[in-house]
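**Q** Okay, here's the structure, questions in a sec.
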Amino acid sequence: MEELSLLAIVVGVAHSGLRLATPYLYAALGEMLGQRSGVLNLGVEGIMLMGAFSGFYVTFVTMSPWLGLLAALVVGMLMGLIMAFVSITLQAEQGISGIGLYLFGLGISSLLFKTMLGSVEGVDGFSAIRFCVSSDFCLADIPVIGEVFLNHSIVVYGAYLLVPIMGYILNKTTWGLNIRAVGQNPKAADSLGVSVTGVRYACVMIGSALAGIGGASLSISLLNIFQEGMTNGLGFIAVALVYFGSWTPRGVLFGALLFSTVNALQLWVQVLGLNIPSDVAVMLPYLLTVIALALPFRRMAKPAALTRPFQRGEN
């Protein structure tokens, strides 16, 4: 019985870890794309909050999670446009611009929630795909493997599919080569005819769109509710994951799974009522963030032009 209970706990933690990695992956992969082009966006948290609200509200009104996901993507892209204009065109300090965008998203999402919803509501978001092969058998019913890997929503699977797609774009396409060149040496890229501004705008906007989807994955896939500040620092952890993963999709995937598994573990600690203070369990993911940033994970891999503005004609 104890072995069975232990197996159930392991399966539960693994299943929850895979699910909870979803917002980390969308946000961190999007942030990685922007940083590889040379732009640091600390406004990810605010973008995720706006994506979470817009995705939830559109789903709540239209009863279509697909329209909600589209709304989150568009809102995220628009906030990315604001960030790109301020940090690339106006060449403002990127760190300060990002914090300003975060505060904007935090305040607006709270205001819209209070004026347009007023209380916590629920929606029918994306449900799990069980991969049924007949009316009485689904692959999700397979012990352990099915329960862990084959019982998630399409939003979850999309996050993991994004990892190889991002790797292919960055390493196997001309556009990916341009992104890496702009992030390493924008002056040399410009001399070869690459539009540094265009590449950076595209990367920041696409990355912000992914952050918006990451926020929506919380409100219309994982939790199916929206409440104020529901990302709870997740956007900042996503930024940390880019550093932790050495600006590579595989590294970000590893970091996201590590952080989400720790988060799932602390949730199970509370559910099981173990003799561990709940505050200690809740702080585990954030403690891991601090430790991860303190370790020297291939710091030389950082894009050389990260946070450095570019203006044609400058030496």
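**Q** Determine which member of the set 193, 198, 229 is farther than 24 Å from residue 263 by Cα and in a loop (DSSP other than H, G, I, E, B).
**A** Within the list 193, 198, 229, the selection yields 193.
**Q** If I ask for residues that are more than 12 Å from residue 222 (Cα to Cα) and among the hydroxyl-bearing types (Ser, Thr, Tyr), which ones from the range 13-29 would you list?
**A** Correct list: 24, 26.
**Q** Output the qualifying pairs, or none if there are none: Cβ atoms under 8 angstrom, residues six or more apart or on different chains, first residue in the range 244-266 and on the phi > 0 side of the Ramachandran plot, second residue at pLDDT 90 or above and polar (S, T, N, Q).
**A** Within 8 Å, the pairs are 247/35.
**Q** Moving to a separate point now. Could you please let me know if residue 79 is crowded, with 21+ Cβ neighbours inside 10 Å and either closer than 23 Å to residue 198 by Cα or at pLDDT below 95 (or both)?
**A** Yes.
One line per residue, one yes/no per condition, for (1) under 13 Å from the mean Cα position of the chain (by Cα); (2) under 19 Å from residue 284 (Cα atoms); (3) buried (at least 22 other Cβ atoms within 10 Å of the Cβ); (4) modelled with pLDDT of 95 or more:
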site: 196; (1), (2), (3), (4): no, no, yes, yes
site: 204; (1), (2), (3), (4): no, no, yes, yes
site: 209; (1), (2), (3), (4): yes, no, yes, yes
site: 214; (1), (2), (3), (4): yes, no, yes, yes
site: 218; (1), (2), (3), (4): yes, no, yes, yes
site: 228; (1), (2), (3), (4): no, no, no, no
site: 234; (1), (2), (3), (4): yes, yes, yes, no
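**Q** Taking the conditions exactly as written (farther than 22 Å from residue 110 by Cα, surrounded by fewer than 23 Cβ atoms within 10 Å (Cβ to Cβ) and without any contact (Cβ under 8 Å) to a residue 24 or more places away in the chain), does residue 188 satisfy them or not?
**A** yes
**Q** In the range 117-149, what count of residues is obtained for those that are surrounded by 15 or more Cβ atoms within 10 Å (Cβ to Cβ) and acidic (Asp, Glu)?
**A** Qualifying residue count for the region: 1.
**Q** Being of a type in the set (Ser, Thr, Tyr) and within 30 Å of residue 190 (Cα to Cα) is the filter here; which residues of the range 1-49 pass it?
**A** 26, 37
**Q** Look through the range 50-71, keep the residues that are β-branched (Val, Ile, Thr) and surrounded by fewer than 22 Cβ atoms within 10 Å (Cβ to Cβ), and return whichever of them is farthest from residue 230 (Cα to Cα).
**A** Checked the range 50-71; the qualifying residue farthest from residue 230 (Cα to Cα) is 62.
**Q** Name the residues in the range 31-49 that are crowded, with 24+ Cβ neighbours inside 10 Å and assigned to a loop (DSSP other than H, G, I, E, B), would you?
**A** 37, 38, 39, 41, 43
**Q** Name the single residue that is modelled with the lowest pLDDT among those in the range 280-315 being farther than 19 Å from residue 28 by Cβ and of a type in the set (Lys, Arg).
**A** Residue satisfying both the conditions and the ranking: 312.
**Q** Follow-up. How many residues does the range 163-185 contain that are part of a helix (DSSP H, G or I) and either closer than 15 Å to residue 306 by Cα or in contact (Cβ under 8 Å) with a residue 40 or more places away in the chain (or both)?
**A** Residues meeting the conditions: 12.
**Q** Now for a separate question. Looking at (1) at pLDDT below 95; (2) closer than 22 Å to residue 124 by Cβ, find the lone condition where residue 95 falls short.
**A** (2)
One line per residue, one yes/no per condition, for (1) touching a residue at least 60 places away in the same chain (Cβ under 8 Å); (2) in a loop (DSSP other than H, G, I, E, B); (3) out of contact with any Pro (no Cβ under 6 Å at 6 or more places or on another chain):
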| site | (1), (2), (3) |
| --- | --- |
| 95 | yes, no, yes |
| 102 | yes, no, yes |
| 106 | yes, no, yes |
| 111 | no, no, yes |
| 119 | no, yes, yes |
| 125 | yes, yes, no |
| 140 | no, no, yes |
| 143 | no, yes, yes |
| 161 | no, no, yes |
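**Q** What is the residue count in the range 150-159 for residues that are assigned to a helix (DSSP H, G or I) and of a type outside the set (A, V, I, L, M, F, W, C)?
**A** 2
**Q** Could you list, in sequence order, the residues of the range 150-168 that are surrounded by fewer than 16 Cβ atoms within 10 Å (Cβ to Cβ) and over 18 Å from the mean Cα position of the chain (by Cα)?
**A** Of everything in the range 150-168, just one residue is surrounded by fewer than 16 Cβ atoms within 10 Å (Cβ to Cβ) and over 18 Å from the mean Cα position of the chain (by Cα), namely 168.
The values are calculated or read from the model by the stated rules, or taken from the named source; none is laboratory data. Note that this is a predicted model, so its numbers are computed, not measured. No Cβ is skipped: glycine too gets one built from the backbone with ideal geometry, and neighbour counts run over all protein chains shown.
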